[in-house]
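Visitor: A single structure is presented below for examination.
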Amino acid sequence: KGASDVRVAALARAKIDELRAANPAIAFTEIDNSVNYTAGNHTSAMTMLMEGALLTVIVVFLFLRDFRATIISAVALPLSIIPTFWVIEMLGFSMNLVSLLAIILVTGILVDDAIVEIENIVRHMKMGKSPYKASMEAADEIGLAVIAISLTIVAVFAPVSFMGGIAGQYFKQFGLVVAIAVLFSLLVARLVTPMLAAYFLRPHAHREEKDGLLMRAYLRFLSGTIRFRYLTLLAGIGIFALSIWAVRFLPTGFIPFPDEARFVISMELPPGSNLDDTRERTDRLARLIREKVPEVESVLVIGGSNPLGTLEVRRATVIVRLVHKTKRERTQRQIQQATSPLFTQIPDIRAWYVNDRGERELSIIVMGTDERNLSLAVAKLEAEMRQIPGFVNVAASAGLERPEIRVVPKADEAARYGVTTDQ
């Protein structure tokens with residue numbers, strides 16, 4: 001309990017390896033798993049974290065052009081991240097998509113404070129001051145600004161963790177992880193960076209550097225904005241309004257549709273169907289999917305069971321695995337949209353897509369105390385939803401009405417002849 005699905009998969013594979021070694025005459029082949037997407041997200045997050053850290057260090061070096069100052073800035077990353085992981089564990093948070101997103105987002109922010117400190121220290125050293133004196137004076141001079149930068153970020157992100165509702169549960173870890181990492185970054189910038197600069201940097205001879213082409217162009221632009229400040233204000237308002245207007249062209253959604261290179265179809269036959277009927281229909285559907293969808297790698301059918309594991313001969317689970325997204329042009333969503341019309345080519349089935357928890361993309365719960373009226377309301381709602389463009393594979397989860405034979409014994413006659421109901 002408490003283990004991640006990736007950990008469970010690793011232990012399961014280890015156990016299967018033991019079985020393979022103990023039974024060399026039996027071939028074990030992994031047909032399907034639902035953890036590759038999670039493992040891939042973790043790998044992508046770690047890769048992005050490393051790339052972000054490396055790019056940050058490169059940019060610092062290009063601007064400061066001091067190898068030792070760059071090393072001091074780079075040290076701020078692990079010194080901020082490692083204590084953050086410790087606090088995450090203390091709070092009971094896990095390494096999930098939300099907490100990893102927070103860490104990736106905060107990668108560049110973690111060196112901001114150190115960069116501000118070290119840049120000011122280097123500036124004072126170029127005035128001819130010793131590293132120790134430059135560190136003391138520069139740190140005092142810029143300390144309030146560094147604290148303001150960090151606390152502003154905390155003030156923005158920390159309240160996100162205390163939102164109510166379902167969204168608040170998702171973002172609880174996000175905001176706190178960002179805030180914790182930034183606070184450790186502040187501690188590193190105020191305590192560690194000046195000390196390292198004082199004893200690790202080498203003194204510079206006093207020199208006045210000439211502004212480069214980029215800096216001269218920037219200063220001219222800046223002086224122009226100050227001279228025509230009303231025009232600058234109007235331009236700022238115009239750009240802000242344009243940004244708000246442009247939001248309507250952005251795709252919206254709480255969680256983007258994933259591309260797991262795998263999707264699951266739940267299939268149901270009419271009441272009274274037997275296992276042979278289920279096998280025949282699922283084989284036809286699997287054959288259609290293989291023929292009509294070129295991106296399909298494999299189709300696995302689990303007959304007599306729905307995705308949640310409920311056993312019933314007229315139900316089936318169809319798991320479709322796709323080639324990796326780098327080897328195809330269409331997204332998983334586009335492939336699913338192209339696959340849906342194939343369901344209608346198989347008679348007497350109801351089929352729909354579900355996730356690994358057996359849930360559909362949209363579910364509507366209808367409740368009532370009168371079973372007959374409830375069934376009528378659900379049937380009417382289902383029929384009307386089928387007429388709305390955008391809804392596909394609409395189906396009620398309630399069981400279909402089944403034919404039945406009722407035998408009602410004549411109690412008096414049964415008692416007279418001594419025949420029990422069981423008999």
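The values are calculated or read from the model by the stated rules, or taken from the named source; none is laboratory data. All values derive from a computational prediction rather than experimental measurement. Glycine also receives a Cβ, built like all others from the backbone with ideal geometry; neighbour counts cover every protein chain displayed. Just the protein is used for accessible areas: all its heavy atoms, side chains included, with ligands, DNA and RNA removed. Shrake-Rupley method; radii C 1.70, N 1.55, O 1.52, S 1.80 Å.
Visitor: Checking the condition open to solvent by 40 Å² or more (accessible area, probe 1.4 Å), closer than 23 Å to Ile88 by Cβ and touching a residue at least 60 places away in the same chain (Cβ under 8 Å), which residue from Phe171, Phe162, Phe157 passes?
Guide: Values: Phe162 fails: touching a residue at least 60 places away in the same chain (Cβ under 8 Å); Phe157 fails: touching a residue at least 60 places away in the same chain (Cβ under 8 Å).
Testing whether each residue is open to solvent by 40 Å² or more (accessible area, probe 1.4 Å), closer than 23 Å to Ile88 by Cβ and touching a residue at least 60 places away in the same chain (Cβ under 8 Å) leaves just Phe171.
Visitor: Check the stretch 211-218 and report whether any residue there is under 24 Å from Ile82 (Cβ atoms), modelled with pLDDT under 90, assigned to a helix (DSSP H, G or I) and open to solvent by less than 100 Å² (accessible area, probe 1.4 Å).
Guide: Within the stretch 211-218 (the criterion being under 24 Å from Ile82 (Cβ atoms), modelled with pLDDT under 90, assigned to a helix (DSSP H, G or I) and open to solvent by less than 100 Å² (accessible area, probe 1.4 Å)), the answer is no, since none of the residues qualifies.
Visitor: Farther than 24 Å from Arg386 by Cβ, out of contact with any His (no Cβ under 9 Å at 6 or more places or on another chain) and hydroxyl-bearing (Ser, Thr, Tyr): is that true of Thr282 in this structure?
Guide: no
Visitor: Related question: Going through the stretch 361-391 one residue at a time, which ones are basic (Lys, Arg) and farther than 25 Å from Arg333 by Cβ?
Guide: Step one: of the stretch 361-391, the residues basic (Lys, Arg) are 372, 380, 386.
If the condition is that a residue be basic (Lys, Arg) and farther than 25 Å from Arg333 by Cβ, then Arg372, Lys380 are the ones that fit.
Visitor: Given (1) assigned to a loop (DSSP other than H, G, I, E, B); (2) out of contact with any Ser or Thr (no Cβ under 6 Å at 6 or more places or on another chain); (3) farther than 15 Å from Ile349 by Cβ; (4) open to solvent by less than 40 Å² (accessible area, probe 1.4 Å), where does Pro271 come up short, assuming only one miss?
Guide: Of the numbered conditions (1) assigned to a loop (DSSP other than H, G, I, E, B); (2) out of contact with any Ser or Thr (no Cβ under 6 Å at 6 or more places or on another chain); (3) farther than 15 Å from Ile349 by Cβ; (4) open to solvent by less than 40 Å² (accessible area, probe 1.4 Å), the odd one out for Pro271 is (3).
Visitor: Of all residues in the stretch 1-20 being among the hydrophobic types (A, V, I, L, M, F, W, C) and modelled with pLDDT of 90 or more, which is surrounded by the most Cβ atoms within 10 Å (Cβ to Cβ)? Please lay out each step first, then the result.
Guide: Of the stretch 1-20, the ones among the hydrophobic types (A, V, I, L, M, F, W, C) are 3, 6, 8-12, 14, 16, 19.
From what's left, modelled with pLDDT of 90 or more: 8-12, 14, 16, 19.
Working: Val8: 11, Ala9: 18, Ala10: 14, Leu11: 11, Ala12: 13, Ala14: 9, Ile16: 13, Leu19: 10.
Among those that are among the hydrophobic types (A, V, I, L, M, F, W, C) and modelled with pLDDT of 90 or more, it is Ala9.
Visitor: Something else about it: Among the candidates Val264, Val182, which residue alone is in contact with a helix residue (DSSP H, G or I) (Cβ under 9 Å, 6 or more places away or on another chain), surrounded by 14 or more Cβ atoms within 10 Å (Cβ to Cβ) and at pLDDT 90 or above? Let's see the steps before the verdict.
Guide: On the way: Val264 fails: in contact with a helix residue (DSSP H, G or I) (Cβ under 9 Å, 6 or more places away or on another chain).
After applying the criteria, what remains is Val182.
Visitor: Mind listing just one residue for me: the one in the stretch 85-100 that is open to solvent by 40 Å² or more (accessible area, probe 1.4 Å) and of a type in the set (A, V, I, L, M) and, of those, farthest from the chain's Cα centre (by Cα)? If you could, list the steps in order and put the result at the bottom.
Guide: From the stretch 85-100, those open to solvent by 40 Å² or more (accessible area, probe 1.4 Å) are 85-86, 89-92, 94-97; that's our starting set.
With of a type in the set (A, V, I, L, M) added as a condition, the list becomes 90-91, 95, 97.
Numbers: Met90: 23, Leu91: 21, Met95: 11, Leu97: 5 Å.
Residue satisfying both the conditions and the ranking: Met90.
Visitor: Continuing with the same structure: Can you tell me which residues in the stretch 329-341 are surrounded by fewer than 17 Cβ atoms within 10 Å (Cβ to Cβ) and in contact (Cβ under 8 Å) with a residue 12 or more places away in the chain?
Guide: Across the stretch 329-341, the qualifying residues are Arg330, Thr331, Arg333, Gln337, Ala338, Ser340.
Visitor: Next question. Of all residues in the stretch 392-418, count the ones that are loosely packed, with under 12 Cβ neighbours inside 10 Å, under 30 Å from Glu361 (Cα atoms) and at pLDDT 80 or above. Break it down stepwise before answering.
Guide: Residues of the stretch 392-418 loosely packed, with under 12 Cβ neighbours inside 10 Å: 399, 401-408, 410-413, 415-418.
Of the ones still in play, those that are also under 30 Å from Glu361 (Cα atoms) are 399, 401-402.
Subset that is at pLDDT 80 or above: none.
Here the count works out to 0.
Visitor: For the stretch 110-131, what are the residues that are over 16 Å from Arg65 (Cα atoms) and open to solvent by less than 10 Å² (accessible area, probe 1.4 Å)?
Guide: First, pick out the residues of the stretch 110-131 that are over 16 Å from Arg65 (Cα atoms): 110-113, 127-131.
Selection gives Leu110, Val111, Asp113.
Visitor: Hey, another quick one. Report, by residue number, each residue of the stretch 21-46 that is of a type in the set (A, V, I, L, M), assigned to a helix (DSSP H, G or I) and either within 26 Å of Ile302 (Cβ to Cβ) or modelled with pLDDT of 85 or more (or both).
Guide: Kept after step one, since they are of a type in the set (A, V, I, L, M), are these residues of the stretch 21-46: 21-22, 25-27, 31, 35, 39, 45-46.
From what's left, assigned to a helix (DSSP H, G or I): 21-22, 39, 45-46.
Selection gives Ala21, Ala22, Ala39.
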